[in-house]
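Take a look at the structure set out below.
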Amino acid sequence: MENSVNVVREKIALVDDHGLVRAGLKGLLNSLEGYQVTSEGKCGSDAVKIANSSKPDIMVIDVSMPEVCGIEAIRQIRRHDQALPLLMLSMYDSPEFVLNSLKHGADGYLLKDAPEHELKLALDYVHQKKPFVSPTVARHLIDIAVKSMDSAAPTEQLTERQQEVLGYIAKGLSTRQIAEQLGVSVKTVESHRSQMIYRLGLSNSVELVRFALTASPA
């Protein structure tokens, strides 16, 4: 007599811009008890569309993708859906990436080199709307939390060069003008700007300008 019992499997939306990586993850996720990949995407825009149309039970989304990145995608998703469990998947163990992912709506953050049992644990946690962070980066987050308890000024989180760039931003200089003042490339200044946004817990360049204007003396 055949077993007619149907196993309930939670629907997973998998979004990653690398086809081979996505295929491997799909096979791994489908092998886990209770889960099945039912929709796929390759960019942040796909993630937003899938969240609105396919109504998955969980979304596993890469942090770094072209066009619309994973963090921006979850920001857009959270404007309309606060309930969908979102698990960020990344090769980056930087606290800035982790904290900004959680800040903008992620329920969990898992490193791509995590063991299989950790992937299953992360899915179980976020499906229940419980926060999950890879143990290898949890120590960094604890250190940041402890440091944030002191009364240090936000600008003390920046390097000396970043504080210099911040001063030029407050004076209204463009990225190219700042690069000329410092004798560095435009790309280097853009990198400093991105790092400052993450370190200060800001969302975009507009917020960085506002911070620069309030943090720098007139």
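The values are calculated or read from the model by the stated rules, or taken from the named source; none is laboratory data. Source: prediction; values computed, not measured. Virtual Cβ from ideal backbone geometry, glycine too; neighbours counted across all protein chains shown.
Which one is surrounded by the most Cβ atoms within 10 Å (Cβ to Cβ) among residues in the stretch 187-212 that are free of Cβ contacts under 8 Å to residues at least 40 places away in the same chain and part of a loop (DSSP other than H, G, I, E, B)? So, considering only residues that are free of Cβ contacts under 8 Å to residues at least 40 places away in the same chain and part of a loop (DSSP other than H, G, I, E, B), the one surrounded by the most Cβ atoms within 10 Å (Cβ to Cβ) is L202. Go through (1) modelled with pLDDT of 90 or more; (2) touching a helix residue (DSSP H, G or I) at 6+ places or on another chain (Cβ under 8 Å) one by one and return the number of the condition P154 breaks. Evaluating P154 over (1) modelled with pLDDT of 90 or more; (2) touching a helix residue (DSSP H, G or I) at 6+ places or on another chain (Cβ under 8 Å) leaves (1) as the failure.
Any idea which residue in the stretch 62-92 is surrounded by the most Cβ atoms within 10 Å (Cβ to Cβ), counting only those that are of a type in the set (D, E) and in a loop (DSSP other than H, G, I, E, B)?
It comes out as D81.
For first residues located in the stretch 7-21 and assigned to a loop (DSSP other than H, G, I, E, B), partners that are of a type in the set (G, A, S) and surrounded by 12 or more Cβ atoms within 10 Å (Cβ to Cβ) and lie 6+ apart or on another chain with Cβ distances below 6 Å form the pairs R9/G34.
Taking (1) closer than 15 Å to D46 by Cβ; (2) free of Cβ contacts under 8 Å to residues at least 40 places away in the same chain in turn, L89 satisfies each apart from (2).
Per the listing Q36, Q128, the residue uniquely of a type outside the set (D, E, K, R), at pLDDT 95 or above and surrounded by fewer than 17 Cβ atoms within 10 Å (Cβ to Cβ) is Q36. You will find that of S54, S31, the residue that is without any contact (Cβ under 8 Å) to a residue 12 or more places away in the chain and not hydrophobic (A, V, I, L, M, F, W, C) is S31 and no other. The residue of the stretch 126-143 that is nearest to G201 (Cα to Cα), among those that are assigned to a helix (DSSP H, G or I) and under 17 Å from the mean Cα position of the chain (by Cα), is L141. If you take the residues of the stretch 104-125 that are assigned to a helix (DSSP H, G or I) and free of Cβ contacts under 8 Å to residues at least 40 places away in the same chain, which of them is nearest to G44 (Cα to Cα)? Step by step, filter the stretch 104-125, then rank; the result is A122. Apart from one condition, G41 fits all of (1) surrounded by fewer than 17 Cβ atoms within 10 Å (Cβ to Cβ); (2) over 17 Å from K129 (Cα atoms); (3) small (G, A, S); the exception is (1).
Screening S101 against (1) outside any loop (DSSP other than H, G, I, E, B); (2) more than 9 Å from the chain's Cα centre (by Cα) leaves a single unmet condition, (2). Taking G172 as the residue in question, decide whether it is assigned to a loop (DSSP other than H, G, I, E, B) and surrounded by fewer than 14 Cβ atoms within 10 Å (Cβ to Cβ). Answer is yes for this residue. Within the stretch 44-61, restricting attention to residues that are of a type outside the set (V, I, T), over 13 Å from I12 (Cβ atoms) and in contact with a helix residue (DSSP H, G or I) (Cβ under 8 Å, 6 or more places away or on another chain), the residue that is surrounded by the most Cβ atoms within 10 Å (Cβ to Cβ) is G44.
Taking the criterion of being at pLDDT below 95 and more than 13 Å from the chain's Cα centre (by Cα), the residues of the stretch 52-74 that qualify are N52, S53, S54, K55, P66, E67.
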